[in-house]
């Protein structure tokens, strides 16, 4: 059985913080701007290119953590327990976040259509699109795909356990040539490190991590998930509002809107999470998937 030591757990939490911020930065970029913003357009393309790795790494981390303590011969109860935990940590927050997004979009379509006009059309009227095909909170496609790979995790386990690295490579080849869903490969790659890699020790390596830092990183797990769930639609709205208010005429104005939208949304969502955690901790825990 493999266990994360404190230092490596903190490092992993730090990586998740950086990946979450990276995703917010990616979603704050603009597409389809006039040619007059060439510098900002180049910057946006650079951000998109750099942050391309964020979601794949999240899948790798998810696969790694899912199988971290997997026994040599997991039984039905092992996967049943995992399913039960993911029901709380993934499915329930996924449904709630999409319901919140639906309510926001419905209100905006009635009272401020210019804020979301042309973004989703009439798709919000289709329940399947709202909760799955879209979903209406588009950034939650990652959670949707993660739910899928969790469901097929016993198959992933068999491939990785018995075909080992060759099985992971085979999934990668299927991704390239047969358009296998990319999350399957990344999740399996993360699973390989837990099932076959054995690279994580049980004992701490190097100096101990200060207790206050350990607590900070532990608390960050709920924050990163909450930010990922709820940043997308506020970010779009803030970007459009700032664009309307500022009317940028140069790259400097676009950079100001870009960084201001990131700061404002991260600050607002963090404040909401802090207030929820202070006054309604049980609700905050449910919204953050039990973290």
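Each 10 Å bin from zero up to the one holding the largest Cα-Cα distance in region 213-291 carries the following percent of pairs: 18, 40, 25, 15, 3. Kindly express, to the nearest 10 degrees and within the range 0 to 90, the angle between helix 141-151's C-alpha long axis and the longest C-alpha principal axis of the chain. Approximately 20 degrees, to the nearest 10.
Among 247, 231, 27, the order by Cβ neighbours within 10 angstrom, fewest to most, reads 247, 27, 231. Using only Cα atoms, tell me the angle between helix 232-246 and the longest principal axis of the chain; keep it within 0 to 90° and round to the nearest 10. Around 30 degrees separate the two axes. Were the residues from residue 210 through residue 8 laid out at 0.36 nm apart, the gain over their Cα-Cα distance would be 71.4 nm. Principal-axis analysis of the Cα atoms of the chain puts helix 92-111 at an angle of about 10° to the longest axis.
How high is the relative contact order of the chain? Use alpha-carbon pairs under 8 Å, at least six apart in sequence, and give a whole percent. Spell out each step's value before the answer.
Working: 295 pairs, mean separation 96.5, N = 291.
33 percent.
Counting only DSSP H runs of at least 4 residues, each contributing -39500 (n - 2.57), and dividing by the residue count of the chain, the helix-based mean residue ellipticity at 222 nm comes to -22500 deg cm²/dmol.
Values in this text are rule-based calculations from the coordinates and carry no lab data. The model shown is predicted, which means the values in this text are computed figures rather than measured ones. Positions of Cβ are generated from backbone atoms using ideal geometry, with glycine treated the same way; all protein chains shown enter the neighbour counts.
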